[in-house]
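The values are calculated or read from the model by the stated rules, or taken from the named source; none is laboratory data. The model shown is predicted, which means the values in this text are computed figures rather than measured ones. Using ideal geometry, Cβ is built from the backbone for each residue, glycine included, and neighbour counts are taken over all protein chains shown.
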Ligand code: GLU
C-alpha cells in the first residue's frame with residue numbers, strides 16, 4: 001500500500017528510510033557527473049589537442065551551463081513534470097550523453113557533453129527537492145538528513161572522479177583494455193552507473209508516497225488541473241532542441257559570457273514575478289532564500305579555485321610528503337574524502353546541539369561556513385612558510401587547509417539545500433533549488449575569473465615567485481571569506497525575521 005506524506009514525514013529515529021534510496025541514486029548520478037567532469041580537461045588537451053587555456057575555458061563553460069540548466073530543470077519540474085519525471089528524463093539524457101561519448105569520444109565530444117549538461121539540469125535539483133519533502137517544514141532533523149545525502153554526493157564524486165580518468169589514462173585495467181578503447185570504456189562506465197541510478201530510483205518511487213508526483217496528478221499534494229500530454233512531450237522536445245544549442249555555446253566560450261550576463265537578470269525578473277503572486281509572509285521567506293543564494297555565489301567563487309588555480313598550484317608547488325600521494329590527486333579528491341567521514345558526524349552534531357537548544361540557526365551556520373573557508377585559505381597562504389628555495393611546499397599542510405575548507409563547505413552546502421526546501425512555497429520548490437545551483441554556476445564563472453587573475457600575474461617568474469603570487473592571492477580570498485562570514489553573522493537577526501518560523 002502506498003504511504004501517505006504524513007506517514008513518511010512522521011518517521012521515527014534520525015533519518016527517514018527513503019533517504020537511503022535517494023542517497024544511492026544521487027551517488028551514482030554524481031559518479032557519472034564527476035567521472036565525466038574529471039576527464040574533460042585532460043581529454044581535451046591530450047586527445048583533442050586543445051591548448052591548455054582553451055581547455056580550461058571550455059571546462060568552465062560546461063560547468064556554468066550544467067548548473068545554469070538546473071534552474072530550467074527545476075522550473076519545468078514545478079510547472080509541468082513533477083520531480084520524478086524530471087529526474088527520470090534527466091537521467092535518460094545523461095545515459096544518452098555518456099553512451100555517445102563511449103561510442104566515439106573524439107568525434108562526438110561536444111554532442112555527448114551537451115546531452116549531459118541538459119540531463120544534469122533535469123536530474124540534480126529535483127532529487128534534492130525530494131529529500132526536502134521527506135521532512136515536515138520545521139523538522140530539525142532535516143539538516144542532518146541533507147548532510148547524510150551530501151556524503152552520498154561525495155562518495156559518488158570520489159569514486160567517479162578517481163576511477164573514470166584512471167581507466168582513461170590506462171592506470172587501471174591498462175593491461176586488459178587496449179589503448180585505443182580506454183576512453184570509450186571510461187565514458188561507458190559513466191553510462192553504466194547512470195543506469196544503476198535510474199533502476200534504483202524505479203524501486204525507490206514505490207516508497208515515496210505522493211512525493212514528486214506530476215502537478216495535476218490526482219494524488220499530488222498541491223491540487224492543480226491535469227497537465228495536458230502535449231505540454232509534457234513539449235518539454236521533452238524542447239530539451240532536445242537545447243542540445244545542439246548548448247553544443248555550439250560550449251564550443252565557443254565567448255557565448256558563455258553573454259549567456260551568464262543574461263540568465264541571471266532574467267531569472268531574477270522571473271523570481272520577482274513569482275514573488276508578486278505569493279502572500280507577504282511567503283514573500284519574506286523568498287527574500288531570505290535570495291540572501292542565501294547571493295552569498296553562496298561568493299562562497300563557490302572562492303571555493304572552486306580547487307578545479308582551477310589550486311590544481312596548478314598543486315602541480316607546481318607541492319611535494320609528496322603525504323604518504324607519497326600525488327598532489328593533484330589529493331587536490332581533486334581530498335575534499336570528497338573528508339566529507340564522507342565528516343558529513344554524518346556534523347549531521348549528528350546538529351541534532352545533538354538541537355536537543356540542547358544551542359544549535360546555530362542557518363544564517364549563522366552559513367557565516368561559520370565562510371569563516372572556515374577563510375581560515376582554510378589563510379592556511380593555504382601559510383604553506384609558504386614551509387617552502388624550500390624552489391618554491392616547493394608541504395602537501396600535508398595543504399591537506400590541512402582542504403580539511404578546514406571542507407568543514408566550511410559542510411556548514412553551507414548541505415544546509416543550503418535544506419533551507420531552500422524550507423523557504424520555498426510548495427509550487428516553487430524546484431525553481432528555488434534550481435536558483436541555488438544557478439548560484440553555483442556563477443560561482444564557477446567567478447572562480448574562473450579569479451583564477452585567471454592569479455595566473456596572469458606570474459608570467460616569466462620563478463617557481464618561488466609563483467608560490468608567492470598564488471599564496472598572496474589566497475590570503476586575499478581568505479580575508480574576503482572571513483569578512484563575508486562576519487557580515488552574515490551581523491545581519492543574522494534581520495534575516496531571521498524574514499525567515500519567520502523557519503530555523
Ligand atoms: N559538490 C556538490 C554537488 O555536486 C555541490 C554542488 C554545488 O552546489 O556547487 O552536489
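Things worth noting here:
- Flag if residue 115 is more than 16 Å from the ligand (Cβ to nearest atom) and within 17 Å of residue 62 (Cα to Cα): yes
- Per the listing 157, 166, the residue uniquely free of Cβ contacts under 8 Å to residues at least 40 places away in the same chain, closer than 21 Å to residue 42 by Cα and in a helix (DSSP H, G or I) is 166.
- Evaluation of residue 314 against (1) out of contact with any helix residue (DSSP H, G or I) (no Cβ under 7 Å at 6 or more places or on another chain); (2) assigned to a helix (DSSP H, G or I) (one fails), failing number: (1)
- Residue among 99, 93, 158 that is within 16 Å of the ligand (Cβ to nearest atom), within 19 Å of residue 197 (Cα to Cα) and touching a helix residue (DSSP H, G or I) at 6+ places or on another chain (Cβ under 8 Å): 158
- Taken together, the residues in the stretch 315-342 that are surrounded by fewer than 20 Cβ atoms within 10 Å (Cβ to Cβ) and over 16 Å from the mean Cα position of the chain (by Cα) amount to 13.
- Taking the conditions (1) farther than 21 Å from residue 304 by Cβ; (2) more than 16 Å from the ligand (Cβ to nearest atom) in turn, residue 421 satisfies each one other than (2).
- Checking 400, 410, 368 one by one, the residue that is part of a helix (DSSP H, G or I), buried (at least 24 other Cβ atoms within 10 Å of the Cβ) and out of contact with any strand residue (DSSP E or B) (no Cβ under 9 Å at 6 or more places or on another chain) is 410 and no other.
- Within the stretch 102-126, the residues that satisfy the criterion of being outside any helix (DSSP H, G or I) and either closer than 13 Å to residue 40 by Cβ or out of contact with any helix residue (DSSP H, G or I) (no Cβ under 7 Å at 6 or more places or on another chain) (or both) are 104, 105, 106, 107.
- Subset of the stretch 31-75 [under 18 Å from residue 254 (Cα atoms) and either in a loop (DSSP other than H, G, I, E, B) or in contact with a strand residue (DSSP E or B) (Cβ under 8 Å, 6 or more places away or on another chain) (or both)]: 50, 51
- Complete set of residues in the stretch 243-267 that are in a helix (DSSP H, G or I) and buried (at least 16 other Cβ atoms within 10 Å of the Cβ): 243, 246, 247, 249, 250, 255, 256, 259, 260, 263, 264, 267
- Selected residue [assigned to a helix (DSSP H, G or I), away from the ligand (no atom under 16 Å from the Cβ) and closer than 22 Å to residue 366 by Cβ] from 151, 186, 144: 144
- From the options 156, 112, 170, 160, residue that is more than 22 Å from the chain's Cα centre (by Cα) and under 21 Å from residue 98 (Cα atoms): 170
- Close pairs from the stretch 411-425: first over 18 Å from residue 138 (Cβ atoms), partner in a loop (DSSP other than H, G, I, E, B) and more than 9 Å from the ligand (Cβ to nearest atom), Cβ under 9 Å, at least 6 apart: 411/360
- Answer from 319, 354, 332, 361 - the residue that is farther than 20 Å from residue 413 by Cα and either in contact with a strand residue (DSSP E or B) (Cβ under 8 Å, 6 or more places away or on another chain) or in contact (Cβ under 8 Å) with a residue 12 or more places away in the chain (or both): 319
Rundown of residues vs (1) without any contact (Cβ under 8 Å) to a residue 24 or more places away in the chain; (2) within 12 Å of the ligand (Cβ to nearest atom), yes/no style:
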{"residue": "7", "(1), (2)": "no, no"}
{"residue": "14", "(1), (2)": "no, no"}
{"residue": "18", "(1), (2)": "no, no"}
{"residue": "23", "(1), (2)": "no, no"}
{"residue": "26", "(1), (2)": "no, yes"}
{"residue": "29", "(1), (2)": "no, yes"}
{"residue": "32", "(1), (2)": "no, yes"}
{"residue": "43", "(1), (2)": "no, no"}
{"residue": "46", "(1), (2)": "yes, no"}
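- Test: residue in the stretch 357-364 that is within 16 Å of the ligand (Cβ to nearest atom) and buried (at least 24 other Cβ atoms within 10 Å of the Cβ): yes
- Considering the stretch 387-397, the residues that are assigned to a helix (DSSP H, G or I) and in contact with a helix residue (DSSP H, G or I) (Cβ under 7 Å, 6 or more places away or on another chain) include one that is surrounded by the fewest Cβ atoms within 10 Å (Cβ to Cβ), namely 397.
- Restricting 445, 480, 470, 474 to those that are more than 24 Å from the chain's Cα centre (by Cα), in contact (Cβ under 8 Å) with a residue 60 or more places away in the chain and part of a helix (DSSP H, G or I) reduces the list to 470.
- Residue 173 vs. criteria farther than 21 Å from residue 108 by Cα, away from the ligand (no atom under 16 Å from the Cβ) and modelled with pLDDT of 95 or more: no
- Selected residue [more than 19 Å from residue 75 (Cα to Cα) and either out of contact with any helix residue (DSSP H, G or I) (no Cβ under 6 Å at 6 or more places or on another chain) or not in a helix (DSSP H, G or I) (or both)] from 298, 323, 290, 271: 323
- Residue among 454, 428 that is under 26 Å from residue 60 (Cβ atoms), more than 16 Å from the ligand (Cβ to nearest atom) and assigned to a helix (DSSP H, G or I): 454
- In summary, residue 349 fulfils each of the numbered conditions (1) surrounded by fewer than 23 Cβ atoms within 10 Å (Cβ to Cβ); (2) within 16 Å of the ligand (Cβ to nearest atom) with the single exception of condition (2).
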